[in-house]
1. Looking only at strands (runs of 3 or more DSSP E) that fall completely inside region 140-205, which ones have 3 or more residues that are touching a residue at least 12 places away in the same chain (Cβ under 8 Å) and touching a Leu at 6+ places or on another chain (Cβ under 6 Å)?
2. Out of the residues in region 133-161 meeting the condition of being within 28 Å of the chain's Cα centre (by Cα) and small (G, A, S), tell me which one is surrounded by the most Cβ atoms within 10 Å (Cβ to Cβ).
3. Every residue in region 102-130 that is farther than 19 Å from L156 by Cβ, in contact with a helix residue (DSSP H, G or I) (Cβ under 9 Å, 6 or more places away or on another chain) and not hydrophobic (A, V, I, L, M, F, W, C), please.
4. Only one residue in E209, E189 is of a type in the set (D, E) and farther than 25 Å from F85 by Cβ, so which one is that?
5. When region 75-96 is examined, which residues are found to be of a type in the set (K, R) and part of a helix (DSSP H, G or I)?
6. Quick one: would you say V62 is closer than 20 Å to S195 by Cβ, at pLDDT below 95, out of contact with any Asp or Glu (no Cβ under 8 Å at 6 or more places or on another chain) and assigned to a helix (DSSP H, G or I)?
7. Within region 53-82, restricting attention to residues that are among the small types (G, A, S) and closer than 21 Å to F165 by Cα, which residue is surrounded by the most Cβ atoms within 10 Å (Cβ to Cβ)?
Amino acid sequence: MNKNLIIMAYTQEGMLGKFSGRLGELVVYQMNGKVVMRTKPGKRTKPAQGRQKVTQNNFARVMGIIQPMKSFLKMGFNDLAGGKFVFHKANSENLKRFYKADKPDDLRWLLLSKGERAGALGLSLEMGAKQVTVRWGGPEPEKPASGEDRVMLLALNTSTLEPSFNTNAGKRREAQATLALPHAKAGEEILVFISFFDLAGSIIKRDPENISTSQLVG
């Protein structure tokens, strides 16, 4: 017999007749001449308050910011996460950076990929009315790189959170690539990010050396 089972019941017509009461988490009662059984209602959870409420709000805020970029982030964090729970990993890494940011509202803390492949030196951009041209120099030193690395570009309107991105915008050896810009009104800011990706390496195995950590171009 389960010693933890609490029995609180009474019979009206014997053990096989009508009865009401509680058997553990099971509540039994009479309604319109019928026996009704239901589980005991659980305790209501109190709304989060104080620090817990702030943590929940920050989590939801970061999730809302990166959600429109989900398909880009899945490629950007796939190798780091080993192909499992990739978007969760992306959210976790961005939440860490959000907390460390001096000015979390400007979104310069955003991380769109994370890995050990070389990024680029000498980054610059030329912003046009409808597209941006990004240029770069040599790879970061002491990190793996190839002229055949794919270039991944993303532009983000920080006011509307509308992104524009291309995960195959060109190759590292071309030293420049263009990207269509998201719609923006006067006064709205657009941030541009770049990553480098080794497609050939990713076919062989998932490895952080397949992708660079994203860089903010401007």
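The values are calculated or read from the model by the stated rules, or taken from the named source; none is laboratory data. It should be emphasised that the depicted structure is a prediction, and the values quoted were computed from it without experimental measurement. Using ideal geometry, Cβ is built from the backbone for each residue, glycine included, and neighbour counts are taken over all protein chains shown.
1. Passing ranges, in order: 150-157, 163-171, 190-197.
2. Checked region 133-161; the qualifying residue surrounded by the most Cβ atoms within 10 Å (Cβ to Cβ) is A155.
3. Matches in region 102-130: G115, E116, R117.
4. Just a single option satisfies the conditions, and that option is E189.
5. Selection gives K89, K96.
6. Spelling it out, V62 is indeed closer than 20 Å to S195 by Cβ, at pLDDT below 95, out of contact with any Asp or Glu (no Cβ under 8 Å at 6 or more places or on another chain) and assigned to a helix (DSSP H, G or I).
7. G76
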